[in-house]
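The numbers here are math on the coordinates, done by the rules we state, and not lab data. No experiment lies behind these values; they were computed from the predicted model shown. All Cβ positions, even for glycine, are placed from backbone atoms using ideal geometry, and neighbour counts span all protein chains on display.
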Amino acid sequence: MKVNGFAHPAPSDPRRLLSDHLRHDLGLTGTHVGCEHGVCGCCTVLLDGAPVRSCLMLAVQAEGHDVTTIEGLAPGGSQLHPVQQAFHECHGLQCGFCTPGFVMSVVGLLAQHPHPTEEQVDEGIAGNLCRCTGYASIRRAVTRAAVLLAPLTPDPSPLGGEGANPADRSSSGGEGAGTSP
Amino acid sequence: MTTRWFGARVQRAEDDRLLRGRGRFTDDIDEGALESVLVRSPYAHARINSIDVSAARAMSGVVAVYTAQDLPFGGTDLPILIPHPNLTHGRTQRCLASEVVRYAGEAVVFVVAESRAIAEDAAELVEVDYEPLPVVITPETAARAEHLVHDDVPGNVAAEMVQEKGNVAAALESAPRRKHFHFRYERGAASPMEARAVWARWSDGERKLTVYDSTQSPTSIRGGLAVLFGLPESQVDVIAPDVGGGFGPKIMLFYPDELLVPYAAMQLGRPVKWTEDRQEHFTAVNQERGQVHEVDVGYDDGGRVLAFDDDFIHDGGAYTPYGIILPIITAGQLPGPYRVPNYRVRFRDMYTNATPTSPYRGAGRPHACFVMERTLDAIAADVGIDRAEVRRRNLIQPDEFPYDVGVGWQDGNTVVYDSGNYPKLLETALEKLGPKPAGENVGMGLGMYVEGTGVGPYEGAHVQVLVSGKVVAATGIPSQGQAHATVWAQVVADELGVDVRDVEITSGDTRRFPWGVGTFASRGAVTAGNAMHVAARMVAEKAKKIAADHLEADPADLELVAGAVRVKGSPQRGIPLAAVAVLSNPVRYAFGGGTEAATQFTPKARPGPPLADGEEPGLEATGYFSPAGSAWASGCHAAWLRVDPKTYRLEILKYVVVHDCGKVINPMVVEGQIEGGVAQGIGGAFYERLAYDSDGQLRNASFMEFLMPYATEIPKIDIEHIETPSPLNPLGVKGVGEAGVIPVGAVIGSGIEDALGIPITEMPLSPLRLYELSTSASTSTSTR
């Protein structure tokens, strides 16, 4: 599999979760593990550009795919990715534990919906739990990131794409008694 | 003083590495550590007949297996953190249980192995023969005392306390109107996104123990470990690195792993780590909020409270490691911002076969607030005035401070409010809330609170100007996301006249600052913030003194501006702070940016030794701040909400927070604290419930079933700051960490009652519970 553009050999243990493989075999500890049952979204990474929960995948399932982790967004201390920059500007993080997962989800969200509506923002981050911010600043960060990304997007669809939801939220469907249908 | 940085929306210094995935949380630290797991009791109450670890020990890859009898401290009860004379039957657990377990999740065996997977497999080979005992799970069943949690604690009562101001019996007797209420608030869980973790290494050569711990109090952990292992404190370093949220339960002395991991590292000569998984976090980490209140209130025809008599039981859990601080806070804060001329409060702290309790954001206050605010709403309905008016008539007025509530406080003094403007909070909130939105089943929620913040005893700080001109500063208390590295830098930068980006803060690392207490009780800004201010001011005075010698000026004529010490009114006469740092250390070597600037001054000789009597080298100082009393924050929350009459789905249409945390160091950070607190309050009021069954099993110990809110459940929060500076500290600040959460249960309860017309006397609620309440004949009594 490729991780952040570099090829890596397959994990020796076929039972290894992708999250554990990234953290403990490759030393990419920016991917966090908050629940290990696919609800909190802390472990979100991009698989071929789409957000997935790395705690719900075996590492071997990522063979032949491109994995992007938080470390791959602005490699080597280069300028922050617009989504990271927006989180900074909008105080979209406090303890920072859920942050890598949120950032990766938002990268996926904005790839799908470059100009998201308020509802698309809420839905797009509704697979990630944050216990610190109350989400207000994260919503602002998503909106800000869309602005920062706009000049970088060659051909933004003015209405935003309406394709399949990029986020793997299979486990959040039954969550949250008040979640909108 | 200059206030250039204080009060500004300075963006956070800590963000960059966290955003790049370069944070350093405890589980990120490896260095070849052995990994460990705890075998925990599946029973809420059982006698242990035998423990067989032979199969686990024999397993390949297992390095060590510890039971209580394998530990030199295995027979020692863990400490009671805050003893109190009324805690007549305090009980704490042992590091590993060997005779009786008293809650599901209590640690019994500790397994260390070459990998986590091996440790998990070995843990499954441990055989413990349990003999189940009767379970006491709610505070009500504890009070009935048909069974005992501790054989030697009669009635399951750990502590009882009665306090009275005025003459409640007489005032109730003579009150024109009188009502009785029963209120019930259940346990909740803080659930930080990072569960707990500990990593430890013993260096035999240096005889040094290094511990990384996701704790809110590394200084206290260090002190405790030093005593336990017979080491001088200098040989124990405890670091709280990045901590993924705390909210209270990450401060405990001790969770078993905090002793076991360092002990195993010392015994085995290899680093050892332990990382909690989410499921065990649900039962192994302290919880809070379970209380049942019986209230008798007397009032006049205008709705003015004349007497308030509250008798409540507190669900303490299986042990009382944290003393009785929670019910003491509840008792002290129950009157809130209101005049209660006659007040009596009695509480009993009850043992139950559930996870022990200790403060969780709000710490005794959300339940106190719920009781008082719901009572006021009922009084308003009874005398026929609106809910804002009943508060208006009872609020303490701005000219009444300091206001003595007349009962005891957690610091041992009495509750004395130092400052505030409660009517302004209420009127501003009502104004911001605006008129009732159109539609059916819309209700108004209203709740006011006070919060005693910034309790002592003290915190300290070390501030040093380096020869580069950069400033480093450290304090003992760690951060769990509160932006300490930013806000302390603002405080220090103002005193030293430097750019905030030139100040680097270290917090929660005993190698850099070994003294202090911890991050809890909304005390960081008050205690450590003011300690930073004190230490930075000492450095500034020292800089002026050194510069005065070289500028041939009076120190009183000097100021620290733009990275230099300058003569006031003559900005060209100055010396860079970096050069002052070089001059502060009279030696003959020098590197660094300030050296060149300093050399032109160094030849200037003065009589006497280079380091005069009483002088110390280095442009640095250590300062402390110890508050005389709590700084009392306050606030008013108001909301319009709608409840779907068929599905009982809750929709919060508007949510307003008007609050007073004194002088605001960084509005952006304070708003983040408020927004996060309100969200946690909404979760605790309507979505999250710890579903214990009668056997003491937590039936929903996962995020699939313990429903923490996502963005889709949390509304926009409209915030306004009212600043009434605290007179009790130089910065005039009050704490704000817990404020957001405190009145939310009261607000949601009030709004739902208004929307549906059914009495709300319990927390948490849910669509199912609202359905039950709406359809049952007896609407005000819990079915449990």
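General remarks:
- Legend: mean number of C-beta atoms from other chains within 10 angstrom of residue C-beta atoms, peptide B:671-677, equals 6.
- The string of couplings for the range B:717-729 from the Karplus curve (6.51, -1.76, 1.60, θ = phi - 60°) is 10, 9, 10, 10, 9, 10, 10, 10, x, 6, x, 9, 8 Hz, one whole number per residue in order, with x for Gly and Pro.
- The HN-Hα couplings worked out from phi for the range B:545-556 by the Karplus form 6.51 cos²θ - 1.76 cosθ + 1.60 (θ = phi - 60°) are 5, 5, 5, 4, 4, 8, 8, 6, 9, 7, x, 5 Hz, whole numbers, x standing for Gly and Pro.
- The range B:124-169: GluC sites (Glu not before Pro) in DSSP coil with no more than 13 other Cβ atoms inside 10 Å: B:E146
- The range B:690-784: chymotrypsin sites (Phe, Trp or Tyr not before Pro) in DSSP coil with no more than 16 other Cβ atoms inside 10 Å: none
- Counting only residues at least eight positions apart within a chain, or on another chain, the aspartates and glutamates with an alpha carbon under 13 Å from that of B:K646 are B:E440, B:E772.
- Cα-based reach from B:K568 at 24 Å (exclusive), listing lysines while leaving out same-chain residues under 8 positions away: B:K470, B:K542, B:K544, B:K545, B:K604
- Under Karplus coefficients 6.51, -1.76 and 1.60, residue-wise ³J(HN,Hα) of the range B:7-15 in Hz, glycine/proline x: x, 8, 7, 6, 6, 7, 6, 8, 5
- Straight-distance candidates among the aspartates and glutamates for linking to B:K424, with alpha-carbon spacing under 15 Å and chain neighbours fewer than 8 residues away dropped: B:E389, B:D399, B:E400, B:D660, B:E720, B:E723.
- Overall shape of the range B:457-625 was characterised from the C-alpha gyration tensor. The equivalent ellipsoid obtained from it has semi-axes of 30, 16, 14 Å, in decreasing order.
- Averaged over the residues of B:713-722, the number of partner chain Cβ atoms lying within 10 Å of the residue Cβ comes to 3.
- Among A:I138, A:I125, the order by Cβ neighbours within 10 angstrom, fewest to most, reads A:I125, A:I138.
- Dipole in debye (nearest 20) - the protein assembly as shown, about Cα centre, beta carbon charges: Lys, Arg +1; Asp, Glu -1: 1540
- Relative contact order of chain B, taken over Cα pairs closer than 8 Å and 6 or more residues apart, is 15 percent.
- Part-to-part distance (alpha-carbon centres) for the range A:115-150 and the range B:188-227, which is given in Å: 35
- Listed by Cβ neighbour count within 10 Å, with the fewest neighbours leading, A:F6, B:F625, B:F110 appear as A:F6, B:F625, B:F110.
- A dipole drawn for chain B from +1 and -1 charges on Cβ atoms has a positive end, and of B:L87, B:P610, B:A739 the residue lying farthest that way is B:P610.
- Ordering of B:224-231, B:502-509 by burial proxy (mean other Cβ atoms within 10 Å per residue, highest first): B:502-509, B:224-231
- Taking B:Y417, B:Y212 and counting other C-beta atoms within 10 Å, the order from fewest to most: B:Y417, B:Y212
- Neighbouring partner chain Cβ atoms per residue of A:95-108, average, 10 Å criterion: 5
- From its DSSP helices (H runs of at least four residues, each -39,500 (n - 2.57)), the protein assembly as shown gives a residue-normalised ellipticity at 222 nm of -7500 deg cm²/dmol.
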